Amino acid sequence: MKLNIIYTTFILAFITIISLSNSGGRAGSSNRGNTGAPGDEMIGNNPRTCQSCHATGDIQVLLSLEILDTDNNPITAYTPNEVYTAKVRIDSAAGPAALGYGFQMVSLFDTDNSDVNGWAATGHSENVQIEESSNTNRVYAEHKGVSDSNEFLVQWQAPAAGNGDISFYAVGNGVNRNGSTSGDGAALPQKLTLAESIVSSIADLSTIGVDLQIAPNPVTDQLYITVISQEQRIMATKIVNATGQIVHQQTFQSTTGKQIIPIDLSQLATGIYFLQTTSEKVINTQKIIKL
């Protein structure tokens, strides 16, 4: 009987130590990636996530994942080399309210599931840390101790052009702060994929003797394209939204000298768009902000 008590005490103490060590984040405390992403830690044939340990109680939480531009608008496509904010939020769905929160997130190239990284070393909220796991050779954004806040913000820089789609994988939990995982709740893993917005250099058209300018930008109703060309040529323009959908397109013949092309944008919703102008297979892309 005495041995059983000692054994039980030892097991409970061991579980408590493990739980407390993970309160600092799985990559930082245990050198593990548990986001559910391909290549992260597995238990048998299933990914190991927060639900593997924390889905034991009545606390029920939901996780939302967004990538925000500089105006705090969610995006579905990234511009190469631009800086964004990754936002993870954990909200109570049912049951007792959580007394603390945790998360882990990673970004991967869709082509081969290799690590994008891109996390800013200091550009994040106080409850976030950036940690590398040698077990997965990936860098994770994750909670820094049990967080009082249910919101986690971290800056992320998009990679250079030509890398294609990128997916973010995130997990999170709500805990009762009892020193173990018993009674806690965990959200289902979330995946968010961003397409790459193809943006060419503004100077590209100069190689064929064309100077192109747009105004005003930001624009409310009417956009004007000023084209100065050394000779007549066929030019095509199209405007695409952040998801890559074409919302306007037209073809015109430029004259020798200066020409102004008006485009009515009054019916477009506010947001970020891209104007792509093509001539002789040379593409010029500029970002438009619609107010």
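Nothing in this text is a laboratory measurement; each read-out follows from the coordinates by a stated rule. Bear in mind that the values here come from a model prediction, so they are computed numbers and not experimental data. Virtual Cβ from ideal backbone geometry, glycine too; neighbours counted across all protein chains shown.
In debye, nearest 20: dipole of the chain around its Cα centre with unit charges on the Cβ of K, R (+) and D, E (-)?
For this selection, approximately 340 debye.
Just order 168-175, 124-131, 70-77, 250-257 by mean Cβ neighbour count inside 10 Å, highest at the front, would you?
Those peptides, ordered most packed to least, come out 168-175, 124-131, 70-77, 250-257.
So what's the convex hull volume per residue for the Cα atoms of segment 91-223, in Å³? Intermediate values should be presented prior to the final figure.
Details: hull volume 24.6 nm³, N = 133.
Here the figure is 185 Å³ per residue.
So what is the relative contact order of the chain, in percent, for Cα pairs below 8 Å that sit 6 or more residues apart?
On the way: 723 pairs, mean separation 53.5, N = 291.
Taking the mean separation of contacting Cα pairs over the length of the chain, I get 18 percent.
Please compute the length gained on full extension between Ser266 and Ala97, using 0.36 nm multiplied by the number of residues separating them and subtracting their Cα-Cα distance.
Stretched fully, the Ser266-Ala97 segment lengthens by 56.3 nm.
List, in order, the whole-Hz ³J(HN,Hα) value for each residue of segment 207-216 obtained from phi through the Karplus relation with A = 6.51, B = -1.76, C = 1.60 and θ = phi - 60°; use x for Gly and Pro.
Each residue of segment 207-216 in turn: 5, 10, x, 10, 10, 10, 9, 10, 6, x Hz.
Sort 187-193, 36-42, 116-122 by the packing proxy (mean of other Cβ within 10 Å over each peptide's residues), most packed first.
36-42, 187-193, 116-122
Suppose the chain between Gln222 and Thr255 were pulled fully straight at 0.36 nm per residue; how much longer would it get relative to their current alpha carbon spacing? Present the calculation step by step, with values, prior to reporting the outcome.
On the way: separation 33, 0.36 × 33 = 11.88 nm, distance 2.15 nm.
Going from the current span to full extension adds 9.7 nm.
With the Cα gyration tensor of segment 204-290 in hand, convert its eigenvalues to equivalent ellipsoid semi-axes via √(5λ) and list them largest first in whole Å.
Numbers: eigenvalues 98, 36, 22 Å².
The answer is 22, 13, 11 Å, longest axis first.
Per-residue HN-Hα couplings for segment 77-93, Karplus 6.51 cos²θ - 1.76 cosθ + 1.60 at θ = phi - 60°, whole Hz, x for Gly and Pro?
Result, rounded to whole Hz: 9, 9, 9, x, 6, 6, 9, 10, 10, 8, 10, 10, 10, 10, 10, 5, 9.
How far is the Cα center of segment 105-183 from the Cα center of segment 226-291, in Å?
38 Å
What is the projected area of the convex hull of the Cα atoms of the chain, averaged over all directions, in nm²?
18.8 nm²
Once R0 is set to 25 Å, what does the formula 1/(1 + (r/R0)^6) return for the Cβ-Cβ distance between Lys287 and Ser125, expressed as a FRET efficiency to the nearest 0.05?
Calculated transfer efficiency: 0.35.
Taking the Cα atoms of segment 108-156, report the difference between the largest and smallest coordinate on each principal axis, in whole Å and largest first.
Dimensions of segment 108-156 along the principal axes of its Cα atoms: 36, 21, 18 Å.
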